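One structure is given here, and the rest of the page talks about it.
What follows is calculated from the coordinates using simple rules that are stated; it is not laboratory data. As the structure is a computational prediction, the values presented were derived from the model and not from experiment. Note: ideal-geometry Cβ built from the backbone for every residue, glycine included; neighbour counts use all protein chains shown.
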Number of protein chains: 2
Amino acid sequence: MARIAPISGFPEWSPAQRIVELQVLDELRQVFELHGFASLETRAVETVEQLLRKGEIDKEVYGVRRLAGDAEATQETPDPGKALALHFDLTVPFARYVLENAGHLQFPFQRYQIQKVWRGERPQEGRYREFLQADIDVVDRDSLPFHYEVELPLVMARAFAGLRRLGLPEMTIRVNNRKLAEGFYRGLGLTDPAAVLRAVDKLDKIGEQGVVGELAGIGIGPDEAAKALALAAIRGTDSSFVDEVRALGVRHDLLDEGLDELAQVVDAAARRAGAGALVADLSIARGLDYYTGTVYETTMAGFEQHGSACSGGRYDALASDGRTTYPGVGISFGVTRVLGLLFGAGLTAARSVPTAVLVALADEAARPVAEQTADRLRDRGISALVAPEPAKFGKQIRFADRRGIPFVWFPGPDADAADGHEIKDIRSGEQSAADPLKWAPEPADATPGVVLG
Amino acid sequence: MARIAPISGFPEWSPAQRIVELQVLDELRQVFELHGFASLETRAVETVEQLLRKGEIDKEVYGVRRLAGDAEATQETPDPGKALALHFDLTVPFARYVLENAGHLQFPFQRYQIQKVWRGERPQEGRYREFLQADIDVVDRDSLPFHYEVELPLVMARAFAGLRRLGLPEMTIRVNNRKLAEGFYRGLGLTDPAAVLRAVDKLDKIGEQGVVGELAGIGIGPDEAAKALALAAIRGTDSSFVDEVRALGVRHDLLDEGLDELAQVVDAAARRAGAGALVADLSIARGLDYYTGTVYETTMAGFEQHGSACSGGRYDALASDGRTTYPGVGISFGVTRVLGLLFGAGLTAARSVPTAVLVALADEAARPVAEQTADRLRDRGISALVAPEPAKFGKQIRFADRRGIPFVWFPGPDADAADGHEIKDIRSGEQSAADPLKWAPEPADATPGVVLG
């Protein structure tokens with residue numbers, strides 16, 4: 001017999017956890033669509049060539065080949081232009097999709113994409129080999145208006161406000177600007193701003209002294225290192241951070257441009273969504289080299305040490321076919337990563353089924369009326385289930401209780417007449433007459449709520 | 001530069017087609033949940049051992065291994081208990097999930113599962129290598145009440161009624177019973193009913209004479225072959241088919257049991273969902289050996305020659321751990337297969353974006369009010385987009401028109417006051433005053449409709 005066991009790094013949620021996940025995905029989708037983002041799904045596989053074109057073998061790509069043997073995909077003929085592999089993010093497939101379909105798309109093109117991705121990393125807490133990402137991106141041809149760098153994180157912030165109402169912790173989107181940091185380092189006279197950025201990005205892991213040491217290793221003296229660290233310490237929920245940066249006494253045109261853009265992002269966000277909607281955090285570097293303007297990271301209250309829950313930024317060239325360049329701005333929410341942390345902390349749904357009402361069954365002869373009664377409730381959007389077999393009512397109440405179903409319905413003789421029907425709230429024990437054509441649960445009971453178990 | 005091209009058998013829908021797919025999935029999910037089915041997602045991979053345990057190498061399984069090399073998954077050490085492969089259906093993963101989690105599940109366990117599956121088949125019309133399936137199953141421990149064999153196809157039939165309202169063709173679920181056919185063949189004195197069933201199952205492909213020839217090849221004479229074909233010709237929307245079978249003069253206990261069950265299914269369906277809700281079709285065999293009772297197939301009006309859109313049946317042992325057996329009944333809808341056919345016939349959505357309203361932008365100074373106006377609409381569930389850049393209104397109307405957005409909004413000076421706001425229906429050209437806090441589109445315009453393009 002085949003061994004039955006979990007596979008490390010490939011999580012599977014319980015039915016109650018899956019209810020939470022669906023509510024999260026519904027909220028994300030609703031907000032994305034209200035803001036005009038079109039849904040897109042790309043195939044799970046890309047060519048190996050496409051996935052590795054930036055030399056990212058460290059992504060631990062999963063190759064895919066037919067077990068039955070297929071000359072075009074076997075290990076023996078590893079033509080990277082034909083061999084297939086599972087995508088490791090949604091950005092590379094989106095860039096390929098845009099190039100492949102540019103002639104049929106309307107630009108600027110706003111899409112959201114909620115799909116599983118796969119990475120063959122060593123599994124550890126908060127790291128998965130299969131996980132769900134929810135991405136929004138805007139991509140344009142040749143040039144992309146700056147205002148999308150404000151718009152994108154605000155769309156995510158609205159989705160997070162919805163998740164907060166569901167019962168998830170508060171998420172804070174933190175913004176910085178690559179021009180600001182690069183201009184500051186250049187203003188300090190440092191010639192390799194990318195190397196400085198990489199060192200400062202390790203601040204959380206190695207501390208201030210560690211960063212100073214790393215910077216010394218690439219020939220940067222203590223004064224410049226102190227200024228770089230002072231810049232990284234600046235935070236703000238309005239554009240007053242600009243004065244703090246100015247007070248460090250560094251001047252550079254690119255710094256001015258970055259300060260102006262970051263101030264615009266923070267101020268516009270405060271105007272549209274309230275103060276603190278986005279927080280300027282000048283320590284944010286983002287490891288990826290292709291960001292060229294605003295960059296985003298997100299901390300989840302209570303889980304700050306687990307890193308960013310949602311990240312992204314502006315890239316001047318998401319894709320290019322040699323003639324046309326497609327700049328974009330995107331932000332990616334790690335659904336599985338966030339839910340894994342929250343499920344680990346006990347978050348779950350109030351029940352393991354969508355069902356609000358169990359229709360009891362006195363005997364097999366009553367099944368047609370019980371089914372019709374359930375159908376009348378379903379016709380009005382109420383999830384209902386008929387008891388699988390006739391049983392004493394106490395047993396049927398236990399059946400509902402084990403699943404978290406709040407109501408048990410005792411049908412009368414006719415599903416289309418109110419006479420003789422009763423409903424019991426099994427939490428309070430309260431029982432009362434009810435009409436299959438009129439009764440409805442409170443909204444909070446119609447759909448399972450999210451609870452901290 | 002990496003080559004950019006479609007990969008045969010891995011379909012990607014356009015944004016407008018994806019809108020249709022989402023509406024189809026929403027309808028399926030809503031109906032499944034109203035009937036108490038819990039959502040489940042299993043990981044995309046199973047162990048090779050698990051996938052091949054029934055010797056189904058003909059499923060053309062896709063193996064998965066880290067390109068970077070991982071001793072436990074390389075071709076050199078093909079331990080089928082550890083090597084991974086993509087699932088080729090949702091039934092095998094569900095059976096594994098039930099065994100793995102039996103101690104935490106409440107039985108009977110009703111789940112729906114909507115996920116991609118992968119098969120390395122030669123691509124051809126209507127055959128994909130990556131495709132979306134929507135399955136519902138009920139599984140119980142030791143025994144499963146018969147009434148679920150009626151319930152399951154009726155849930156699917158209700159989902160299909162919803163798809164019909166969306167604009168998809170009519171789907172007809174056809175039912176048969178394995179006991180009926182087996183009992184009939186045994187009553188005829190035939191000792192290998194499975195072989196007879198396999199021959200009769202080819203009726204559509206090889207015709208009556210072909211089936212007679214195949215049956216002759218396994219030693220079955222013309223009289224018995226004629227009776228087997230007469231049985232397969234019987235159809236009915238009520239239990240009158242029973243008399244037609246009886247008239248063939250064959251008697252067997254298993255035949256009686258099958259006739260009784262099939263009559264119950266058809267009659268109960270007619271009672272709950274109207275005559276013809278399910279059609280008895282005694283030609284249906286289903287190739288798979290594990291069905292033991294009612295079996296289902298589905299034809300889509302206008303696409304009958306493309307085979308079954310939705311199939312399933314009753315199995316006495318979906319899963320077993322040696323001590324406990326889990327019988328079930330399930331039915332699987334081929335979402336990608338059906339949509340591929342319909343998209344090929346021109347089905348699409350009325351627009352390529354979720355957006356109902358484009359808010360026009362006279363100049364960059366008007367952006368804050370335009371954004372607030374869009375936000376007021378979004379607050380009330382209306383999908384809105386602000387024009388990406390200021391432009392002449394004619395250009396903005398063309399922007400909306402190219403995406404199928406029906407309305408263009410011309411904002412007044414203040415998003416929170418009605419003064420000066422106007423909205424234009426760009427299809428009729430009609431323009432009128434509108435209040436950002438009150439105006440709403442007709443429901444038919446709020447969400448993109450499905451149209452035959």
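Take chain B, compute every pairwise Cα distance, and split them into 20 Å bins from 0; I just need the percent in each bin.
21, 44, 26, 8, 0
Could you give the semi-axes, largest first, of the ellipsoid that matches the stretch B:298-339, computed as the square roots of 5 times the alpha carbon gyration tensor eigenvalues and rounded to whole Å?
Values for the stretch B:298-339, descending: 31, 9, 6 Å.
Name the helices (complete DSSP H segments) of chain B with a Cα length along the long axis of 20 Å or more and a Kyte-Doolittle mean of at least -0.5, or state none.
B:15-34, B:148-166, B:253-273
Mean 1/r over all different Cα pairs, inverted: what Kirkwood radius does the stretch B:211-282 give, in Å?
Computed over the stretch B:211-282, the radius equals 13.3 Å.
Let me check the size of the stretch B:123-165 from its C-alpha atoms; what are the radius of gyration and Dmax in Å?
14.9, 41
Taking the Cα atoms of the stretch A:96-229 alone, what are Rg (to one decimal) and Dmax (as a whole number) in Å?
Here Rg and the maximum Cα pair distance are 19.8, 54 Å.
Sort B:111, A:246, B:367 so the one with the fewest other Cβ atoms within 10 Å of its own Cβ comes first.
Details: B:111 25, A:246 13, B:367 20.
Going from least to most buried by this count: A:246, B:367, B:111.
Label-to-label distances across copies for residue A:398, with labels 7 Å out along Cα→Cβ, in nm, shortest first?
Label-point distances to the other copies, shortest first: 7.3 nm.
What is the stretch A:321-453's relative contact order, in percent, from Cα pairs under 8 angstrom and six or more apart in sequence? Don't skip to the answer; put the middle values down first.
On the way: 196 pairs, mean separation 37.6, N = 133.
It rounds to 28 percent for the stretch A:321-453.
For residue A:422, what residues show an amide H to amide H distance below 5 Å, using hydrogens built from the backbone and excluding near sequence neighbours?
Here the answer is A:410, A:412, A:434, since their amide H atoms fall under 5 Å of that of residue A:422.
Which of the listed residues, A:161, A:180, A:197, is farthest toward the dipole's positive end in the stretch A:158-202, when Lys, Arg count +1 and Asp, Glu count -1 at the beta-carbon?
Checked the options; the winner is A:161.
Taking a cut-off of 17 Å, what percent of all Cα-Cα pairs in the stretch A:321-453 are separated by more than that?
64
Quick one: grab the alpha carbon gyration tensor of the stretch A:79-125, order the square roots of its eigenvalues as a ≥ b ≥ c, and give me rounded if a/c is under 1.5, else prolate or oblate depending on whether a/b is larger than b/c.
oblate
Tell me the net charge near residue B:252. Cut-off is 10 Å between Cβ atoms, residue B:252 excluded, with +1 for each Lys or Arg and -1 for each Asp or Glu.
It works out to a net charge of -1.
List the pair-distance distribution P(r) of the stretch B:322-398, using every Cα-Cα distance, as the percent of pairs falling in each 5 Å bin from 0 up to the bin containing the longest distance, rounded to whole percents.
Per 5 Å bin, starting at 0, the Cα pair percentages come out as 3, 12, 14, 12, 10, 7, 8, 9, 7, 5, 4, 3, 3, 2, 1.
Given charges of +1 on the Cβ of Lys and Arg and -1 on the Cβ of Asp and Glu, with all other atoms neutral, how large is the dipole of chain B about its Cα centre, in debye to the nearest 20?
Numbers: 51 positive and 66 negative charges, 164 e Å.
Taking the Cα centre of chain B as origin, the dipole is about 780 debye.
Quick check on the protein assembly as shown: helices-only [θ] at 222 nm, where DSSP H runs of length 4 and up contribute -39,500 (n - 2.57) each and the sum goes over total residues. Nearest 500, please. Kindly include the intermediate steps, with their values, before the conclusion.
Values: 28 runs with 326 residues, N = 906.
-11000 deg cm²/dmol, from helical runs alone.
What is the Rg over Rh value, at two decimals, for the stretch B:394-453, using alpha-carbon atoms and the Kirkwood definition of Rh?
1.00
Here is the link list: A:205/A:227; B:392/B:424; B:205/B:227; A:392/A:424; A:116/A:179. Which ones come out longer than 26 Å on Cα distance?
A:116/A:179
Label-to-label distances across copies for residue B:216, with labels 7 Å out along Cα→Cβ, in nm, shortest first?
9.6
Say a label goes 7 Å from Cα toward Cβ at residue B:368 in every copy; what distances in nm does this one have to the rest, shortest first?
In nanometres, ordered from closest: 6.9.
Could you compute how fast the stretch A:376-424 diffuses translationally, taking Rh as the Kirkwood radius over C-alpha pairs and applying Stokes-Einstein at 10 °C with viscosity 1.306 mPa s? Give it in µm² per second.
134
Based on alpha-carbon atoms only, what is the radius of gyration of the protein assembly as shown relative to the globular estimate 2.2 N^0.38 Å?
The reported ratio for this selection is 1.04.
Output the relative contact order of the stretch B:208-283, whole-number percent, from Cα pairs under 8 angstrom with separation of 6+ residues.
Worked out over the stretch B:208-283, it gives 37 percent.
Report, in debye and to the nearest 20, how large the dipole of the stretch B:261-372 comes out about its Cα centre when Lys and Arg carry +1 and Asp and Glu carry -1 on their Cβ.
120
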